[in-house]
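Asker: Could you have a look at this structure, given as structure tokens, before my questions?
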Amino acid sequence: MSVVETHAFQTEVNQLLKLMIHALYSNKEIFLRELISNASDALDKLRFQAVSDDSLHEGEDELAISVWFDKNARTVTIRDNGIGMTRDEVIANIGTIANSGTKKFLESLTGDQAKDSNLIGQFGVGFYSSFIVADEVELITRKAGTPTAEGTRWVSKGEGEYTLETVEKPTKGTEIVLHLKADMDEFLDNYRLKNIITTYSDHINFPIKMFKTEWDNDAKEQKTTDELEQVNKATAIWTQSKSDLTDEDYTNFYQTLSHDFTEPLAHIHNKVEGTLEYTSLLYIPKKAPFDLYDRERRYGLKLYVKRVFIMDDAEHLMPAYLRFVRGVIDSADLPLNVSREILQSNKVVDKIRSASVKRVLDHLAKLAKDEDQSAYNTFWEQFGQVMKEGVIEDYANKEKIAGLLRFASTHDDAAEQRISLQQYIDRMPADQDKIYYIVADTHAAAKGSPHLEIFRKKGIEVLLLSDRIDEWLVSHLFEFEGKSLQSVTSADLKLDEEAEKTLSDDEKKAREALTEKVKKALEEQVSDVKITHRLTDSPACVVSAAGDMSAHMARLMEQMGQSVPKQKPVLELNPEHALVKKLDSVEDEAKLKEWSLFLLEQAQLAEGDQLEEPAAFIKRMNALLSEML
Ligand code: ADP
Ligand code: MG
């Protein structure tokens with residue numbers, strides 16, 4: 001006499017379902033990994049809550065997952081005796097996309113199947129992956145500690161709606177019955193299911209059980225017995241010693257942990273004994289997750305206390321700039337009832353965190369020193385920008401992180417960031433005492449900047465920076481190994497002194513007269529006009545006045561909606577350039593102003609600035625060109 005209610009899915013759920021079924025078709029077996037992962041989470045939660053309320057076990061000793069199939073009914077069933085769900089929780093967790101990451105994920109889809117299926121792989125696809133293989137899914141669940149009459153049965157064909165019914169469920173936990181699609185018979189097979197489990201879920205921390213099979217000589221086929229056997233290793237891998245583990249074990253656990261199909265780039269496994277006792281198993285992924293820059297994204301490590309799972313995404317265990325690190329910390333020194341708030345200001349956590357950060361940085365330094373740079377290059381391409389945040393955020397490790405930075409350079413043909421500060425120092429001439437760099441909006445703009453002309457002529461290497469964060473990076477990184485970093489656009493560049501010395505007094509005077517003249521003409525636009533020797537091919541360039549923020553920084557701040565006080569640049573003229581020589585000979589005041597404005601504006605353009613009146617610039621240029629023709 002129970003009532004069957006029909007509910008509609010949230011629209012996003014429909015979207016996600018459709019997409020997933022298409023995108024993941026070639027990886028369809030991952031449904032089992034996802035359902036086992038959920039079962040394992042439910043068991044973790046039960047074990048954790050039962051620490052303070054033993055009655056939640058409801059008399060069952062063993063926490064386990066079982067998987068079986070029924071050839072006649074064409075179903076595969078996954079059962080756990082974990083925490084279970086109330087009716088309201090079923091609606092909230094299964095009918096809705098509660099996770100903000102899921103929404104972001106849907107927004108980030110491109111419509112290109114190949115790309116999207118890659119995305120979906122990085123993302124825990126979860127419960128809905130059942131619909132890749134099933135055309136009807138049944139979920140029967142009861143929350144631990146609630147009356148047996150208060151079970152909930154959820155059923156859906158994955159087509160816009162689901163039904164809910166209150167049912168009797170004697171045992172706590174969740175059972176999921178997949179009614180397989182017509183072409184999914186391959187999963188009605190013990191060997192196949194077992195194989196998927198050992199591939200994807202071997203290191204799930206609870207036993208996964210299946211019915212044993214026996215060879216039936218009469219029927220000439222494998223027959224299922226009613227005896228259960230454990231098919232996974234079910235060891236907390238991090239508690240095992242390194243020498244007992246293979247790379248495959250580590251990869252398998254990484255995939256269980258991260259839902260990422262790829263192999264990790266590296267794993268770092270340490271057991272610490274002494275005043276503090278804990279184990280850490282950390283992974284550096286090969287690929288950045290799609291939401292690496294999503295501020296709302298939770299990140300961090302899984303925290304266990306004496307092998308009892310405490311929480312996911314314990315963000316206090318890793319600083320923000322290492323948010324791509326995945327893994328597990330298992331501590332013997334924290335209380336089981338530790339909360340996020342306690343973690344925030346806990347000495348044990350602080351110590352574990354700083355030691356873990358050090359291990360990650362040291363490991364990266366080791367990778368960076370490898371003869372074969374391909375692993376480090378991959379790492380840098382994926383996570384380089386995030387590592388730069390570390391220079392700003394992590395004062396204590398600044399020097400170490402600086403050593404890991406890689407840059408594009410005028411002395412490297414590749415546009416990729418491959419040159420370290422140490423490499424720069426190692427190959428610079430003995431009399432050079434600075435590390436020169438330029439920051440621009442794009443690599444091409446940096447590489448083409450007129451500011452580099454003198455450096456090219458002198459053969460001095462300049463690092464080419466064009467990531468959004470670079471301007472902040474250089475405002476926090478002043479030196480490396482005793483060499484200070486200097487922007488090639490800064491006003492007090494000292495490269496041109498030599499040239500000054502060889503000038504006669506008359507020449508000096510003539511130059512002064514020129515700069516005075518132009519300065520007067522551009523009174524409103526510039527703070528100063530100077531002669532420069534940093535240019536060889538261009539007639540002029542602009543630099544920031546000493547003490548002002550760089551033009552590039554000012555642009556970035558404006559893009560972020562910050563108001564930046566109007567700064568007047570310094571205009572520098574190349575006295576050897578034909579246009580500047582010509583300018584020197586202009587007597588008419590109005591004309592001089594036009595010429596000067598033209599030089600200023602083209603210098604600003606070269607810098608990547610937006611002109612206030614582009615049309616006026618074009619007009620000016622055309623007028624000057626016509627005059628010359
Ligand atoms: P995720 O596991 O990333 O949260 P899923 O789609 O896999 O996303 O699952 C959604 C939610 O449904 C889970 O967070 C959990 O609250 C609930 N859930 C799924 N399976 C189970 C289960 N076997 N036992 C209890 N709760 C479950
Ligand atoms: Mg899940």
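The values are calculated or read from the model by the stated rules, or taken from the named source; none is laboratory data. Everything quoted here is computed from the prediction, not taken from an experiment. Quick reminder, even Gly has a Cβ in these numbers, built from the backbone with ideal geometry, and neighbours come from all protein chains shown. In case anyone asks, the SASA skips ligands and DNA or RNA and just uses the protein heavy atoms, side chains included. Shrake-Rupley method; radii C 1.70, N 1.55, O 1.52, S 1.80 Å.
Asker: Does the range 111-130 contain at least one residue that is over 22 Å from Ile197 (Cα atoms), modelled with pLDDT of 70 or more and either outside the structural domain of Glu186 (by TED's automatic domain parsing) or part of a loop (DSSP other than H, G, I, E, B) (or both)?
Answerer: No; the residues of the range 111-130 include none that is over 22 Å from Ile197 (Cα atoms), modelled with pLDDT of 70 or more and either outside the structural domain of Glu186 (by TED's automatic domain parsing) or part of a loop (DSSP other than H, G, I, E, B) (or both).
Asker: Turning to a different aspect of this structure: In the range 513-527, what residues are within 16 Å of Ser585 (Cβ to Cβ), open to solvent by 50 Å² or more (accessible area, probe 1.4 Å) and of a type outside the set (A, V, I, L, M, F, W, C)?
Answerer: Step one: list which residues in the range 513-527 are within 16 Å of Ser585 (Cβ to Cβ), which gives 513-518, 521.
Add one more test, that the residue is open to solvent by 50 Å² or more (accessible area, probe 1.4 Å), and what stays is 513, 516-517.
Within the range 513-527, Glu516, Lys517 meet the criteria.
Asker: Among (1) touching a helix residue (DSSP H, G or I) at 6+ places or on another chain (Cβ under 6 Å); (2) more than 27 Å from Asp249 (Cα to Cα); (3) open to solvent by 30 Å² or more (accessible area, probe 1.4 Å), which single condition is Arg326 missing?
Answerer: (2)
Asker: Which of the residues spanning the range 476-486 are touching a helix residue (DSSP H, G or I) at 6+ places or on another chain (Cβ under 7 Å) and either more than 10 Å from Ile435 (Cβ to Cβ) or exposed (fewer than 15 other Cβ atoms within 10 Å of the Cβ) (or both)? Steps first, please.
Answerer: Step one: filter the range 476-486 for residues touching a helix residue (DSSP H, G or I) at 6+ places or on another chain (Cβ under 7 Å), giving 476-477, 480-481, 483, 485.
Residues satisfying the conditions are His476, Glu481.
Asker: So which of Ala42, Ala50, Ala92 ends up being among the small types (Gly, Ala, Ser), within 9 Å of ligand 1 (Cβ to nearest atom) and under 22 Å from Lys302 (Cα atoms)?
Answerer: Only one candidate qualifies: Ala42.
Asker: Please verify whether Gly173 is within 14 Å of ligand 1 (Cβ to nearest atom), of a type in the set (Gly, Ala, Ser) and under 27 Å from Asn14 (Cβ atoms), treating the condition exactly as stated. If you could, list the steps in order and put the result at the bottom.
Answerer: Working: within 14 Å of ligand 1 (Cβ to nearest atom): yes; of a type in the set (Gly, Ala, Ser): yes; under 27 Å from Asn14 (Cβ atoms): no.
Judged against the criteria, Gly173 is not a match.
Asker: Still on this structure, I have one more. Is it the case, given these coordinates, that Arg307 is open to solvent by 60 Å² or more (accessible area, probe 1.4 Å), under 18 Å from the mean Cα position of the chain (by Cα) and in contact (Cβ under 8 Å) with a residue 12 or more places away in the chain?
Answerer: Values: open to solvent by 60 Å² or more (accessible area, probe 1.4 Å): yes; under 18 Å from the mean Cα position of the chain (by Cα): no; in contact (Cβ under 8 Å) with a residue 12 or more places away in the chain: yes.
No.
Asker: Related question: When you scan the range 68-90, how many residues do you find that are of a type in the set (Val, Ile, Thr) and within 16 Å of ligand 2 (Cβ to nearest atom)?
Answerer: Of all residues in the range 68-90, those of a type in the set (Val, Ile, Thr) come to 75-78, 83, 86, 90.
Adding the requirement that they be within 16 Å of ligand 2 (Cβ to nearest atom) leaves 78, 83, 90.
Residues that pass the stated criteria total 3.
Table: residues versus (1) open to solvent by less than 20 Å² (accessible area, probe 1.4 Å); (2) among the hydroxyl-bearing types (Ser, Thr, Tyr); (3) in contact with a strand residue (DSSP E or B) (Cβ under 6 Å, 6 or more places away or on another chain).
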site	(1), (2), (3)
Lys157	no, no, yes
Pro170	no, no, no
Gly173	yes, no, yes
Asp185	no, no, no
Thr213	no, yes, yes
Asp244	no, no, no
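Asker: Which of (1) surrounded by 15 or more Cβ atoms within 10 Å (Cβ to Cβ); (2) of a type outside the set (Ser, Thr, Tyr); (3) under 21 Å from the mean Cα position of the chain (by Cα) is the odd one out, the single condition Val348 does not satisfy?
Answerer: Result: Val348 fails condition (3) only.
Asker: Going by the conditions given, is Val439 of a type outside the set (S, T, N, Q) and either at pLDDT below 95 or closer than 26 Å to Leu292 by Cβ (or both)? Working first, answer last.
Answerer: On the way: of a type outside the set (S, T, N, Q): yes; either at pLDDT below 95 or closer than 26 Å to Leu292 by Cβ (or both): yes.
So Val439 fits the description; yes.
Asker: Just to check your reading of the model, which residue among Leu573, Leu579, Leu592 is out of contact with any strand residue (DSSP E or B) (no Cβ under 6 Å at 6 or more places or on another chain) and open to solvent by less than 20 Å² (accessible area, probe 1.4 Å)? Before the answer, list the steps.
Answerer: Details: Leu573 fails: out of contact with any strand residue (DSSP E or B) (no Cβ under 6 Å at 6 or more places or on another chain); Leu579 fails: open to solvent by less than 20 Å² (accessible area, probe 1.4 Å).
Being out of contact with any strand residue (DSSP E or B) (no Cβ under 6 Å at 6 or more places or on another chain) and open to solvent by less than 20 Å² (accessible area, probe 1.4 Å) holds for just one of Leu573, Leu579, Leu592, which is Leu592.
Asker: Identify, please: which residue in the range 246-261 is hydroxyl-bearing (Ser, Thr, Tyr) and either without any contact (Cβ under 8 Å) to a residue 40 or more places away in the chain or open to solvent by less than 20 Å² (accessible area, probe 1.4 Å) (or both) and is, among those, farthest from Ile197 (Cα to Cα)? Show your work before the answer.
Answerer: Within the range 246-261, the first condition is being hydroxyl-bearing (Ser, Thr, Tyr), and the residues that meet it are 246, 250-251, 254, 256, 258.
From the residues that got through so far, the ones that are either without any contact (Cβ under 8 Å) to a residue 40 or more places away in the chain or open to solvent by less than 20 Å² (accessible area, probe 1.4 Å) (or both) too are 246, 250-251, 254, 258.
Working: Thr246: 18, Tyr250: 15, Thr251: 14, Tyr254: 14, Ser258: 16 Å.
Among them, the one singled out is Thr246.
Asker: When you go through (1) within 24 Å of Met549 (Cα to Cα); (2) assigned to a helix (DSSP H, G or I) one by one for Asp492, which number turns out not to apply?
Answerer: Failing condition for Asp492: (2).
Asker: While we're on this one: So Ile268 ticks every box in (1) among the β-branched types (Val, Ile, Thr); (2) part of a strand (DSSP E or B); (3) closer than 30 Å to Leu188 by Cβ but one. Which box is left unticked?
Answerer: Only one criterion in (1) among the β-branched types (Val, Ile, Thr); (2) part of a strand (DSSP E or B); (3) closer than 30 Å to Leu188 by Cβ is unmet by Ile268, namely (3).
Asker: Which is at positive phi and either free of Cβ contacts under 8 Å to residues at least 12 places away in the same chain or surrounded by fewer than 17 Cβ atoms within 10 Å (Cβ to Cβ) (or both), of Gly448, Gly459? Talk me through it step by step, then tell me what you get.
Answerer: Details: Gly448 fails: at positive phi.
The match here is Gly459.
Asker: Which residues, taken from the range 9-66, are more than 16 Å from ligand 2 (Cβ to nearest atom), at pLDDT below 85 and farther than 21 Å from Ile91 by Cα?
Answerer: Leu19, Ile21, His22, Ala23, Tyr25, Ser26
Asker: Working carefully through the options Lys223, Lys209, find the one that is farther than 26 Å from Tyr376 by Cβ, surrounded by 18 or more Cβ atoms within 10 Å (Cβ to Cβ) and charged (D, E, K, R).
Answerer: Working: Lys223 fails: surrounded by 18 or more Cβ atoms within 10 Å (Cβ to Cβ).
Matching residue, one of Lys223, Lys209: Lys209.
Asker: For residues in the range 270-287 being open to solvent by 30 Å² or more (accessible area, probe 1.4 Å) and among the polar types (S, T, N, Q), which is farthest from Tyr250 (Cα to Cα)?
Answerer: By that ranking, first place goes to Thr275.
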